[in-house]
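The values are calculated or read from the model by the stated rules, or taken from the named source; none is laboratory data. Treat the numbers as computed from the prediction; the structure is a model and nothing was measured. Note: ideal-geometry Cβ built from the backbone for every residue, glycine included; neighbour counts use all protein chains shown. Surface areas here come from the heavy atoms of the whole protein model, side chains and all, with no ligands, DNA or RNA. Shrake-Rupley method; radii C 1.70, N 1.55, O 1.52, S 1.80 Å.
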Amino acid sequence: QVQLVESGGGLVQPGGSLRLSCAASGTILSIGVMGWYRQAPGKQRELVAVISRLGGTNYKDSAKGRFTISRDNAKNTVYLQMNSLKPEDTAVYYCNVQAGGRPYWGQGSQVTVSS
């Protein structure tokens, strides 16, 4: 089993920055792709960014140029640096880790962008 613990959410003004972290622990045989998804009220969960074990990345179009995903394989941790935040970025952000052939989800972190 793999446990994911997220941190770093909160309230920020438009144009501000936040950094999310997600640390994996437990019986970890092999971690593959790590990523961040988000779900706004009344909307479906959507992909924000993913990163492969070797560092290849892919982003939702609206995140390109503002968000940066990174990972530390030694710490089994994935990060999401979010800059130039907009009110439409408000959502619960979930980390996702592929390990041992199955997906695991974090508990969710609320990100609210408001003045």
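Work out the length of the dipole vector of the chain about its Cα centre, built from +1 on the beta-carbon of each Lys and Arg and -1 on the beta-carbon of each Asp and Glu, and round it to the nearest 20 debye.
140 debye
Could you compute the net charge surrounding residue 90? Neighbours are other residues with a C-beta less than 12 Å from the C-beta of residue 90; K and R count +1, D and E count -1.
Net charge around residue 90: +1.
Carbon and sulfur atoms: what percent of the 1.4 Å accessible area of the chain do they account for?
49 percent
At a Cα cut-off below 18 Å, give the lysines reachable from residue 43, other chains included and same-chain residues fewer than 8 away excluded.
Result set, ordered by chain and number: 60, 86.
Which aspartates and glutamates, on any chain, are close to residue 75 with Cα under 16 Å apart, when same-chain ones fewer than 8 places away are left out?
The qualifying aspartates and glutamates are 6.
At a temperature of 37 °C and a viscosity of 0.692 mPa s, determine how fast the chain diffuses translationally according to Stokes-Einstein, using the Kirkwood radius over alpha-carbon pairs as Rh; express D in µm²/s, rounded to the nearest whole number.
234 µm²/s
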